[in-house]
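**Q** Submitted below is the structure of interest, expressed as structure tokens.
The values are calculated or read from the model by the stated rules, or taken from the named source; none is laboratory data. As the structure is a prediction and not an experimental result, all values here were calculated from the model. Here Cβ is always computed from backbone atoms with ideal geometry, including for glycine, and neighbour counts include all displayed protein chains.
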Amino acid sequence: MKTVVVGAGPVGALAALFAAVRGHDVEIYELRPDIRDPSTAPNNTKSINLALSERGINSLRQTGLSDLADAVLANTVPMHGRMIHVRKHGEYVREAQQYDAHGRDLLAMDRTVLNRALINHLDGMPNVKFFFKHKLIGVDFKRNSAWFEDRSDRKDLLTQGPEFKLTFDLLIGADGAHSAVRNHLMKVVPMTYQQEYIDKLWCQFGVPASPHGDFRIPPNYLHIWPADESMFIAIPNTDKTFTSTLFMSKEGFEALESSGKVVEYFSKNFPAVVPDLITEEALHAQFTHNEHLPLISIKCTPYHYQSSGVIVGDAAHAMVPFYGQGMNAGLEDVRVLFEFLDAHPNDRATALSEYTKQRTPDAQTINDLALGNYREMASDVKSPLYLLRKWVEEALYVHFPSLGWATQYSRVTFSNMRYSEVYARSQQQARILNGVVGLGLAVVAGSALVFAGNGGVKRMERSILRGICLAAQGLQKVIQG
Ligand code: FAD
């Protein structure tokens, strides 16, 4: 069985590993040079560090290579929650919000470290061949053939010149948001395709370690400076630095470029960033020199053609980064894909078709949730109502585990529940919560009337308690129903 993987990013490398441990003859074609080569320039269009969570970790573990997951996890910084930096009544305050009522963490990590660990593992396997600096230029899924352009200096027996053709049993397209494999897939399947550039650009900034060689702000958090229309975040690195990202509209970036008032903007909207994290000079220089990049959201379906090809990761569902799930979802794609391939060992066409059927609603759900989460990060985290709902959901989660209650965030981030089911459960919880709040208000109003009329404190307490009981019973019924 010959499996060709296009793209050696985190998702392609994991897909190659899943195929290789199953004994496939694996060939991996990657446009860029080998990231392990120290002379390779970093890819500036990619975020430097990101948040790894349960779905990604579980997918790494499902390779069966426990030392791989352990090596990756050893190079992470746990983030217990968000730390919100705001001004309240003119005072700068920092507020920590735990991610999970059970204390589970997100893991900050360097994307290259993960990618390198996967590639290193693959490189030691006798049934795996790498072809760096090779660009996919064509695929004929009906004849199981693909064409590549060799941009490397190396020529070997497999490659016949700058352009060459090969054949495969299965081609896995993991070539990112601007996937060439997806473009060729579209020619042979009636693909529904939707692409959106959102109204936010992103720009990265490096925050050095302190002069004493320590973190400048508490390391075990994802730091957020929410400013509604813009947002600044900082994620820790193992070397005591932070990588920060500014998200802002194109117009916002242009206005700052033309006015040059970057420091003034930061001082007004992102308290203490300058000079505690970055000096004025460094902020100016990085704002000017680092790219201001767009954010794309892509939905498509189907993901496969008969038994010969399938797309995974950003190639299938690039999403905006506000749920920290893009790569985690891509790694999960690989686990789910191989579960279907394992379940149908002699019928790959059925396996791929089942994969598309299951994964489409899940990927589309997380795409939508990611779009919606900008608001949560840039605005809601400051709102008392948001915090109240979070508190109620977490209190139910901790004190009434039998109700099966959890926040949407914790299900997305700390479980492997299908994204579509996470969404359905959250909607159900929201309906119940709204009902309970409504009922609670009615009870309080009713009690106040009784109290004002002929009651006493005792009667009011009894009424409120009865109301809470009723609400809880109703809640239980709806959940069990
Ligand atoms: P890519 O990483 O894009 O890899 C695709 C590979 O294919 C590349 O190496 C490319 O060179 C190669 N390629 C492309 N075309 C060809 C071709 N024609 N021939 C051969 N090779 C080709 N995700 C998270 O889970 N958590 C986060 O916290 C997070 N934060 C993010 C922050 C930002 C600012 C951004 C932009 C994204 C973030 N993401 C995050 C998303 C994450 O970066 C992506 O989902 C992930 O990198 C996708 O991996 P991939 O392997 O599918 O694609």
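**Q** Of Ile217, Ile278, Ile235, Ile224, which residue is touching a residue at least 24 places away in the same chain (Cβ under 8 Å), over 23 Å from the mean Cα position of the chain (by Cα) and closer than 21 Å to Leu106 by Cβ?
**A** Ile217
**Q** Here's a follow-up. So which strands (runs of 3 or more DSSP E) are wholly in the range 85-181 and hold at least 1 residues that are touching a residue at least 24 places away in the same chain (Cβ under 8 Å), farther than 21 Å from Leu337 by Cβ and of a type in the set (Gly, Ala, Ser)?
**A** 91-98, 106-110, 134-140
**Q** Restricting the range 323-354 to residues that are within 10 Å of the ligand (Cβ to nearest atom) and in a loop (DSSP other than H, G, I, E, B), which is surrounded by the most Cβ atoms within 10 Å (Cβ to Cβ)?
**A** For the range 323-354, the residue satisfying everything is Gln325.
**Q** Within the bounds of the range 358-373, is there any residue that is without any contact (Cβ under 8 Å) to a residue 24 or more places away in the chain and touching a helix residue (DSSP H, G or I) at 6+ places or on another chain (Cβ under 7 Å)?
**A** no
**Q** Look at Arg82 and say whether it is part of a strand (DSSP E or B), more than 16 Å from the ligand (Cβ to nearest atom) and either basic (Lys, Arg) or crowded, with 21+ Cβ neighbours inside 10 Å (or both).
**A** No.
**Q** Also, quick follow-up: Could you name every one of the helices (runs of 4 or more DSSP H) located completely within the range 231-321 that has at least 3 residues being charged (D, E, K, R)?
**A** 250-259
**Q** Does the range 15-33 include one or more residues that are within 20 Å of the chain's Cα centre (by Cα), touching a residue at least 40 places away in the same chain (Cβ under 8 Å) and within 12 Å of the ligand (Cβ to nearest atom)?
**A** Yes - at least one qualifying residue is present in the range 15-33.
**Q** Does Leu60 fit the bill of being within 14 Å of the ligand (Cβ to nearest atom) and either in contact with a Pro (Cβ under 7 Å, 6 or more places away or on another chain) or part of a helix (DSSP H, G or I) (or both)?
**A** yes
**Q** Hey, could you check the range 78-100 for residues that are among the aliphatic types (A, V, I, L, M) and over 26 Å from Tyr397 (Cα atoms) and say which is nearest to the chain's Cα centre (by Cα)?
**A** Val86
**Q** Condition check: within 13 Å of the ligand (Cβ to nearest atom) and surrounded by 15 or more Cβ atoms within 10 Å (Cβ to Cβ). Does Val181 satisfy that?
**A** yes
**Q** From the list Arg116, Arg151, which residue is among the basic types (Lys, Arg), within 16 Å of the ligand (Cβ to nearest atom) and within 20 Å of the chain's Cα centre (by Cα)?
**A** That would be Arg116, the only listed residue that is among the basic types (Lys, Arg), within 16 Å of the ligand (Cβ to nearest atom) and within 20 Å of the chain's Cα centre (by Cα).
**Q** Which numbered condition in (1) at pLDDT 95 or above; (2) more than 30 Å from Asp314 (Cα to Cα); (3) of a type in the set (Lys, Arg) is the only one that Arg418 fails?
**A** Only one criterion in (1) at pLDDT 95 or above; (2) more than 30 Å from Asp314 (Cα to Cα); (3) of a type in the set (Lys, Arg) is unmet by Arg418, namely (2).
Conditions (1) aliphatic (A, V, I, L, M); (2) farther than 20 Å from Ala378 by Cα; (3) out of contact with any helix residue (DSSP H, G or I) (no Cβ under 9 Å at 6 or more places or on another chain), marked per residue:
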{"position": "Arg216", "(1), (2), (3)": "no, yes, no"}
{"position": "Ile233", "(1), (2), (3)": "yes, no, no"}
{"position": "Asn237", "(1), (2), (3)": "no, yes, yes"}
{"position": "Thr241", "(1), (2), (3)": "no, yes, yes"}
{"position": "Glu251", "(1), (2), (3)": "no, no, yes"}
{"position": "Tyr265", "(1), (2), (3)": "no, no, no"}
{"position": "Asp276", "(1), (2), (3)": "no, yes, yes"}
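**Q** Of the residues Val381, Val320, only one is under 17 Å from the mean Cα position of the chain (by Cα), surrounded by 15 or more Cβ atoms within 10 Å (Cβ to Cβ) and in contact (Cβ under 8 Å) with a residue 60 or more places away in the chain; which?
**A** Val320
**Q** Select from the range 406-419 the residues that are in contact (Cβ under 8 Å) with a residue 40 or more places away in the chain, part of a loop (DSSP other than H, G, I, E, B) and not polar (S, T, N, Q) and list them in ascending order.
**A** Within the range 406-419, Arg418 is the sole residue that qualifies.
**Q** Has the range 39-46 got any residue that is within 16 Å of the ligand (Cβ to nearest atom), modelled with pLDDT of 95 or more and either within 26 Å of Leu201 (Cα to Cα) or surrounded by 17 or more Cβ atoms within 10 Å (Cβ to Cβ) (or both)?
**A** There is no residue in the range 39-46 that is within 16 Å of the ligand (Cβ to nearest atom), modelled with pLDDT of 95 or more and either within 26 Å of Leu201 (Cα to Cα) or surrounded by 17 or more Cβ atoms within 10 Å (Cβ to Cβ) (or both).
**Q** Quick one: Asp228 ticks every box in (1) more than 24 Å from Arg94 (Cβ to Cβ); (2) at pLDDT below 95; (3) among the acidic types (Asp, Glu) bar one, so which box is it?
**A** (1)
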